[in-house]
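The structure under discussion appears below in the form of structure tokens.
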Amino acid sequence: YTSMIRDIADDNERVMGIKEYAQRWKNKYLVYKGVHDESGITHKKLANVSGLSPSALTQFISKTKWDGYLTYRNVGREKYYYLTEEGEKLYELLKSR
């Protein structure tokens, strides 16, 4: 139920600007750094460089995938992650903090 309530609350939140988004996810800087440093990084390698378990990374991506900062491509059973143009701006903002 907690997850369901959080999802509903997230849906009802106003759209965040990039600065608010950076503040909210500043503890996930290493995810964005990993994708920035190696565009097309695999899920397993990104989990490793970000210090997250593969399942924790999946949960983070699920929460944020519609925000427009990260994108991915499936090839077979593997996912490859990329930063969007807005994702690059977010990374630079996170890096400067």
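The values are calculated or read from the model by the stated rules, or taken from the named source; none is laboratory data. Bear in mind the structure is a predicted one, so any value in this text is a computation, not a measurement. Neighbour counts are summed over all protein chains in view; Cβ atoms, including those assigned to glycine, are modelled from backbone coordinates with ideal geometry. SASA here: full protein model, heavy atoms, side chains in, ligands and nucleic acids out. Shrake-Rupley method; radii C 1.70, N 1.55, O 1.52, S 1.80 Å.
What the table below lists for this structure:
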quantity	calculated
Rough spin-label spacing in nm, given labels placed 7 Å along Cα→Cβ, for Glu38 and Lys63	2.4 nm
Positive minus negative residues near Asp37 (Lys, Arg vs Asp, Glu; Cβ under 15 Å)	+1
Fraction of accessible area attributable to carbon and sulfur, the stretch 20-97 (%, probe 1.4 Å)	49 percent
Extension gain, Ser53 back to Gln23 (0.36 nm per residue minus Cα-Cα distance, nm)	8.6 nm
